[in-house]
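J.: Encoded as structure tokens, here's the structure I'll be asking about.
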Amino acid sequence: MAVAVLVLTIERAARRMFRRARMRHAQVCEDDAAGLLQDRGYEVLGRQVRTTFELAVDGKRFPVELRADYVVALGERRFVAEVKSGRRAPRIDTIATRRQLLEYRMAFDVDGVLLIDGETSRISEIVFDVPPFRASAPTPWLLRFTLQFTAGALIGAVVAAFVLSCVHP
């Protein structure tokens with residue numbers, strides 16, 4: 001019995017040490033990413049940048065807070081940059097990474113998302129074919145209807161003015 005307790009204690013201690021070492025490595029990769037981004041021409045606008053968006057759950061508002069590693073700019077474009085380390089996390093086929101980046105794309109007011117592989121120093125721009133979340137943005141059908149209605153009204157006004165000018169010279 002004592003041997004089993006000793007083995008379990010050693011296993012827990014080893015897992016804790018491994019977890020701490022992995023977290024330290026991830027922190028080093030994240031710290032190094034600022035210099036990497038600057039070396040590649042990005043301007044670091046913020047680190048550990050927070051934003052909040054709301055979901056509706058059964059009609060009740062539910063605030064969600066997010067924190068991205070970096071917000072950066074390259075020319076006029078702004079990006080959320082997420083640093084991942086390890087063997088699987090920096091890969092876009094890792095479900096948790098892909099979902100996190102999609103959530104960032106929807107919640108932050110940016111032009112795109114960057115995935116930084118802390119192991120290889122590779123920066124990848126990830127493009128999701130979805131619009132960013134903006135509560136005040138008009139829906140495409142409403143915008144199209146408004147433009148068509150306005151164009152129709154203008155054409156009608158021009159035709160009416162022409163007809164009236166021909167009838168009453």
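The values are calculated or read from the model by the stated rules, or taken from the named source; none is laboratory data. All figures in this text were calculated on a predicted structure; none of them were measured in a lab. Please note: Cβ atoms are built from the backbone with ideal geometry, for glycine as well, and neighbour counts cover all protein chains shown.
J.: With respect to residue 110, is the statement that it is assigned by TED's automatic domain parsing to the domain that holds residue 39, over 18 Å from residue 32 (Cβ atoms) and assigned to a loop (DSSP other than H, G, I, E, B) true?
T.: Yes, satisfied.
J.: So for region 54-67 (the condition being more than 21 Å from residue 111 (Cα to Cα), in contact with a Cys (Cβ under 8 Å, 6 or more places away or on another chain), at pLDDT below 90 and assigned by TED's automatic domain parsing to the domain that holds residue 126), does at least one residue qualify?
T.: no
J.: Looking at 48, 100 in this structure, which one is in contact with a Lys or Arg (Cβ under 6 Å, 6 or more places away or on another chain) and modelled with pLDDT of 85 or more?
T.: 48
J.: Follow-up. Taking the condition at pLDDT 85 or above and among the aromatic types (Phe, Trp, Tyr), does residue 145 pass?
T.: no
J.: Among the residues in region 22-35, are any in contact with a Ser or Thr (Cβ under 9 Å, 6 or more places away or on another chain), in the same structural domain as residue 107 (by TED's automatic domain parsing) and modelled with pLDDT of 90 or more?
T.: No, because not a single residue in region 22-35 is in contact with a Ser or Thr (Cβ under 9 Å, 6 or more places away or on another chain), in the same structural domain as residue 107 (by TED's automatic domain parsing) and modelled with pLDDT of 90 or more.
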